[in-house]
Amino acid sequence: FRNRIVLSPMCQYKAKDGVISDWHLQHYSRFAFSGLGAAFIEATGISPEGRIGHGCTGIWSDSHVEGLSKIAKIFSEYNCLSGIQLAHAGRKASYLRPWDGASPITANDKLEPAWQTIGPSAIPINNSSPVPKEMTIEDINKVRGDFKKAAQRADKAGFDIIEIHGAHGYLLHSFFSPLSNQRHDEYGGSFENRIRLALEIITDIKSVWPENKPLFYRLSSIDAPGQGASLEDNVLLAKSLKSVGVDVIDCSSGGITGSPVLTKSKIIPGFQVPYSEKIKKDAQINAMAVGAIINADQAN
């Protein structure tokens, strides 16, 4: 990295069938020559059902590689390391775009058909959300295979970095949080069982991802004050992720029950930096801070 400033993945909801367009090329090009040390393409679905919504970029097909490689090439030309975030939205999939309401797609929406969501348990996000299908072992194995194939395509497209999305209530976070995972098999219950899928996916990816390319993992450092996974739980998770080959922990928060903040009324600048500091110190792993980092003095 030529510096420590990294553009985090930010959903654009502009793709069609997961394929990027000229709009994406223009959008990401401006970051390529902005002087950043690295930049990530938005959360990219490892499967059609893993998208948040119809506008999400995808990497479940070889047909997606050509477009993604154009972005990776632009980043490379301007000495900005290229990253892509691999994601499965789990029970938070099948949602309308933010400007269309950011609500679950209804069964009678003909423009954007809904699909069956999945999760560790048949527990909806809230009373207005559909109940996800509790995943079978076959479903879990499919997700593992989809992440592995996505990593292979990311390498083929020329990306320098992969980040696995394990935060914000999406699939891997929902397995980790006891608020959303009430399984009674080897993927639920104990801490070791709830992190099992994440560790398996990392191991699968490491078997095909070049050793000289970094692997990031985004986690929600805390579910909510006094609820779900704590910061101490995430320190233990970070240690386990390091043991299977993760290089950097990208520290966000919330998403299971909402985003926790350090004040009762508003998000304050840098409110997640202390999470990153603790995980870096206690888990002895490189960490990245994200969220409400506003100006240069604060970043320094």
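The values are calculated or read from the model by the stated rules, or taken from the named source; none is laboratory data. Keep in mind the model is a prediction, meaning the values are calculated, not measured. Don't worry about glycine lacking a Cβ; one is built from the backbone with ideal geometry, like all the others, and counts go over all protein chains shown. Side chains included, ligands, DNA and RNA excluded: accessible areas come from the protein's heavy atoms. Shrake-Rupley method; radii C 1.70, N 1.55, O 1.52, S 1.80 Å.
So the values come out like this:
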| read-out | value |
| --- | --- |
| Identity of the residue in region 170-219, within 21 Å of V6 (Cβ to Cβ) and hydroxyl-bearing (S, T, Y), that ends up surrounded by the most Cβ atoms within 10 Å (Cβ to Cβ) | Y217 |
| Residue within region 155-169 that is open to solvent by 30 Å² or more (accessible area, probe 1.4 Å), outside any loop (DSSP other than H, G, I, E, B) and in contact with a helix residue (DSSP H, G or I) (Cβ under 8 Å, 6 or more places away or on another chain) present | yes |
| Number of positions in region 69-93 that are touching a residue at least 60 places away in the same chain (Cβ under 8 Å), within 28 Å of S129 (Cβ to Cβ) and among the hydrophobic types (A, V, I, L, M, F, W, C) | 4 |
| Of all residues making up region 108-165, the number that are out of contact with any strand residue (DSSP E or B) (no Cβ under 8 Å at 6 or more places or on another chain) and among the β-branched types (V, I, T) | 7 |
| Odd one out for W209, checked against (1) in a loop (DSSP other than H, G, I, E, B); (2) over 18 Å from the mean Cα position of the chain (by Cα); (3) not β-branched (V, I, T) | (2) |
| Single match in A102, A114, A107, A122 (criterion: on the phi > 0 side of the Ramachandran plot and outside any helix (DSSP H, G or I)) | A102 |
| In region 15-30, residue least open to solvent (accessible area, probe 1.4 Å) [restricted to those that are farther than 18 Å from I52 by Cβ and in contact with a helix residue (DSSP H, G or I) (Cβ under 8 Å, 6 or more places away or on another chain)] | Y28 |
| Any hit, region 77-85, residues being assigned to a loop (DSSP other than H, G, I, E, B) and either under 11 Å from A150 (Cβ atoms) or open to solvent by 10 Å² or more (accessible area, probe 1.4 Å) (or both) | yes |
| Output for region 180-195, where each listed residue is in a helix (DSSP H, G or I) and either under 18 Å from R91 (Cβ atoms) or free of Cβ contacts under 8 Å to residues at least 24 places away in the same chain (or both) | E192, N193, R194 |
| Counted residues, region 88-132 - those being open to solvent by 30 Å² or more (accessible area, probe 1.4 Å), in contact with a Gly (Cβ under 8 Å, 6 or more places away or on another chain) and of a type in the set (K, R) | 2 |
| Count - residues of region 32-47 that are more than 14 Å from the chain's Cα centre (by Cα) and without any contact (Cβ under 8 Å) to a residue 60 or more places away in the chain | 7 |
| Inter-residue pairs, beta-carbon under 8 Å, first closer than 14 Å to A238 by Cα and in region 278-299, second acidic (D, E) and open to solvent by less than 30 Å² (accessible area, probe 1.4 Å), 6+ apart | A287/D250; M288/D250 |
| Test: residue in region 128-146 that is under 18 Å from the mean Cα position of the chain (by Cα), farther than 24 Å from L241 by Cα and in contact (Cβ under 8 Å) with a residue 24 or more places away in the chain | no |
| Scope region 84-113; condition small (G, A, S) and at pLDDT 95 or above; matching residues | A87, A89, G90, A93, S94 |
| Residue satisfying all of: in region 1-14; among the basic types (K, R) and at pLDDT below 95; least open to solvent (accessible area, probe 1.4 Å) among these | R2 |
